[in-house]
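**Q** Pasting a structure here, questions to come.
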Amino acid sequence: MSLFLILTAAGSSSRMGQTGKKEYLPLGGGTVLSTSLKAFLNASEFTSVIITVPKGGEEEARLALSKDKTLEELPASRRPPVHFVEGGDSRQSSIYNALEFLKGQHPQADGVVLVHDAARPYVTERIVLDCISTARNYGAAVPAIPAVDTQKEVAPDGTIRRHLVRKDIAAVQTPQGFQLAPFILCHEKAHQEGLDFTDDTQVWDSYPDLTGGRKVHIVEGDIVNKKITYPADIPASDGITEADGHGQKETRIGMGTDLHRLVEGRRFLLGGVEIPADKGELGHSDADVLLHAISDALLGASGLGDIGSYFPPEDEKWKDADSAVLLGKVWEDVRKEGWSLVNLDCVLEFERPKFLPWRQKVIDSVAAILGVSSKQVFVKAKTNEGQDAVGSGLAIKAYCVCLLSR
C-alpha cells in the first residue's frame with residue numbers, strides 16, 4: 001500500500017511575534033520544517049510528501065528544507081518527491097488542496113495518508129509507526145494524551161454549561177492517519193457543503209456513509225510531541241535569539257517555597273497527584289504545596305510577580321481552586337514572555353507517608369502540566385528528624401529552584 005505525508009505549514013505564525021514563520025526557524029542543525037520531515041522519513045518509506053505553504057511561499061519553504069544537509073544523506077528510498085501546494089483560508093481548506101493535488105498525481109493510489117502539523121518537530125518514531133499501522137487496520141488513527149486539567153463545556157455567556165469527566169477526555173495530536181480513498185471523499189464532501197471542522201478526525205467522523213462507519217482509533221501520544229506556538233517552545237540550545245543574531249541568550253534562576261498545615265479531612269496533594277494519607281494540606285485553594293512552590297519559582301525567575309499577587313488568598317474566586325490549573329495559567333504567561341524551561345529541582349519536607357513509591361508519578365504529573373519532558377523535572381523528599389512543625393507531622397514544606405532561558 002502507498003504511504004503519503006501531508007505537512008501543514010500554510011499558517012501565519014502570528015503568535016510567534018516578530019521572530020518569523022515558525023516552521024522556518026532554526027532547530028537542531030536545520031529548521032522546524034526540516035526536522036518534522038526528517039522524523040517521518042527516518043521512520044518509514046513514503047511514496048510522496050506534500051507541504052502546504054502560504055501563497056507565494058514555495059521558495060521560502062524550499063530554502064528552509066535546504067538548510068538541513070542531513071536530508072540529502074538519507075538513502076534514496078527515504079527521499080520521496082516533495083511537492084509544495086498553496087494553502088487555503090483555513091487548515092481544512094489547505095488539506096483539501098493538498099488532497100486534490102495528491103489525487104491528480106496518483107489517481108489510482110490506494111493506501112494511507114498522514115496529516116501532520118509541520119510545527120510539531122518532536123514527533124517520535126513510535127507515534128508515526130503506530131498511526132500508520134492503526135490507520136491501515138482500522139481506517140483512521142490519531143495520537144492522544146490524557147487530559148491533565150478538568151475540562152468544562154462553556155456557554156456563550158461565559159458560564160459552565162457542562163462538567164466533562166476528565167478520565168473520558170483526551171487531547172489529540174498529529175499525525176492523524178487515514179485510509180486515502182475515503183478520506184479524500186470526506187474532504188470533498190465537506191468542501192462541497194461549505195463546512196469547516198477543527199481537525200481531520202471530525203471530517204472523517206462526519207461522513208460514516210463514506211467511511212463504512214469506521215471510527216477513529218486512538219494511539220498513545222507523547223507530551224514531547226508538542227506544537228511550537230510561542231518563541232519559548234524552541235529549546236534553549238536552539239534559541240531564536242542566538243540563531244538569528246538578534247541578541248544574546250538570557251538565563252534566569254527562580255526560587256519558590258511554600259508551607260501548609262496538615263489536618264485531617266483534607267486531601268494530600270503533591271504535584272497534582274493525590275496520595276493516600278491520614279492528613280492533607282490546609283489552604284484557600286486545594287493547597288498543593290509543590291505546585292505552589294513551582295509557580296512561585298517560575299514567577300520569580302520571569303519577574304512577573306509571586307503566587308500571592310497572582311491568586312490573592314482573600315479572593316473567593318480561588319477558593320478550592322485546582323493548583324494544576326493555577327500553575328498552567330502561570331506557565332502560559334511565563335511562556336508568552338519568551339521563556340522556556342531548562343529544569344526544575346524541588347525538595348519536599350514532610351514526615352509521612354513515604355514519598356519514594358510516588359515520586360515518578362509526581363514528576364510525570366508536573367511535567368505534563370508544564371508540557372515538558374519528565375527529564376527536566378526532579379522532586380525529592382526529606383524528613384525533619386522530628387524537629388519543628390514539619391518534623392512533628394503538623395506541616396509540609398516545599399522548595400523549588402528553576403532555570404529559565406530565552
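The values are calculated or read from the model by the stated rules, or taken from the named source; none is laboratory data. It should be emphasised that the depicted structure is a prediction, and the values quoted were computed from it without experimental measurement. As a convention, Cβ positions derive from the backbone with ideal geometry for all residues, glycine included, and neighbour counts pool all protein chains shown. Surface areas here come from the heavy atoms of the whole protein model, side chains and all, with no ligands, DNA or RNA. Shrake-Rupley method; radii C 1.70, N 1.55, O 1.52, S 1.80 Å.
**Q** I want to confirm something. Restricting to segment 232-247 and keeping residues that are part of a loop (DSSP other than H, G, I, E, B) and modelled with pLDDT under 50, which single residue is surrounded by the fewest Cβ atoms within 10 Å (Cβ to Cβ)?
**A** Filtering segment 232-247 for residues that are part of a loop (DSSP other than H, G, I, E, B) and modelled with pLDDT under 50, the one surrounded by the fewest Cβ atoms within 10 Å (Cβ to Cβ) comes out as GLY245.
**Q** From the list LYS329, LYS317, pick out the single residue that is in a helix (DSSP H, G or I), under 16 Å from the mean Cα position of the chain (by Cα), charged (D, E, K, R) and closer than 24 Å to LEU282 by Cα.
**A** Among LYS329, LYS317, only LYS329 is in a helix (DSSP H, G or I), under 16 Å from the mean Cα position of the chain (by Cα), charged (D, E, K, R) and closer than 24 Å to LEU282 by Cα.
**Q** Sticking with this structure for a sec: Here is a list: ASP286, ASP258, ASP296, ASP278. Which entry is in a helix (DSSP H, G or I) and among the acidic types (Asp, Glu)?
**A** ASP296
**Q** Looking only at residues that are touching a helix residue (DSSP H, G or I) at 6+ places or on another chain (Cβ under 8 Å) and among the charged types (D, E, K, R) in segment 118-132, which one is nearest to PRO26 (Cα to Cα)?
**A** ARG120
**Q** Evaluate segment 133-155: report whether one residue or more is small (Gly, Ala, Ser), in contact with a helix residue (DSSP H, G or I) (Cβ under 7 Å, 6 or more places away or on another chain), assigned to a strand (DSSP E or B) and at positive phi.
**A** No: segment 133-155 contains no residue that is small (Gly, Ala, Ser), in contact with a helix residue (DSSP H, G or I) (Cβ under 7 Å, 6 or more places away or on another chain), assigned to a strand (DSSP E or B) and at positive phi.
**Q** Something else about it: Scan (1) assigned to a strand (DSSP E or B); (2) at positive phi; (3) of a type outside the set (Val, Ile, Thr) for the single condition GLY393 breaks and write down its number.
**A** (1)
**Q** OK, next. Test LYS167 against the criterion of being part of a loop (DSSP other than H, G, I, E, B), exposed (fewer than 14 other Cβ atoms within 10 Å of the Cβ) and of a type outside the set (Ser, Thr, Tyr), and give yes or no.
**A** no
**Q** If you scan segment 373-404, which residues turn out to be within 18 Å of LEU299 (Cα to Cα), out of contact with any Lys or Arg (no Cβ under 8 Å at 6 or more places or on another chain) and open to solvent by 10 Å² or more (accessible area, probe 1.4 Å)?
**A** Residues satisfying the conditions are GLN376, TYR399, VAL401.
**Q** Out of (1) more than 11 Å from ILE396 (Cβ to Cβ); (2) touching a His at 6+ places or on another chain (Cβ under 6 Å), what's the single condition that is false for HIS284?
**A** With respect to (1) more than 11 Å from ILE396 (Cβ to Cβ); (2) touching a His at 6+ places or on another chain (Cβ under 6 Å), HIS284 is out only on (2).
**Q** Another question about this same structure. Of the conditions (1) closer than 22 Å to ALA43 by Cα; (2) open to solvent by 20 Å² or more (accessible area, probe 1.4 Å), ASN97 satisfies every one except a single condition; which number is it?
**A** Only one criterion is unmet by ASN97, namely (1).
**Q** Mind checking which residues of segment 274-285 are touching a residue at least 12 places away in the same chain (Cβ under 8 Å), farther than 11 Å from SER323 by Cα and in contact with a Phe, Trp or Tyr (Cβ under 9 Å, 6 or more places away or on another chain)?
**A** ILE275, PRO276, ALA277, ASP278, LYS279, GLY280, GLU281
**Q** Please go through segment 54-86 and give me each residue that is open to solvent by 30 Å² or more (accessible area, probe 1.4 Å) and in a loop (DSSP other than H, G, I, E, B), ordered by number.
**A** Scanning segment 54-86 gives PRO54, LYS55, GLY56, LYS67, GLU72, GLU73, PRO75, ARG79, PRO81.
**Q** Helices (runs of 4 or more DSSP H) wholly in segment 178-229 with at least 2 residues that are surrounded by 21 or more Cβ atoms within 10 Å (Cβ to Cβ) - which ones?
**A** Hits in segment 178-229: 180-193, 200-205.
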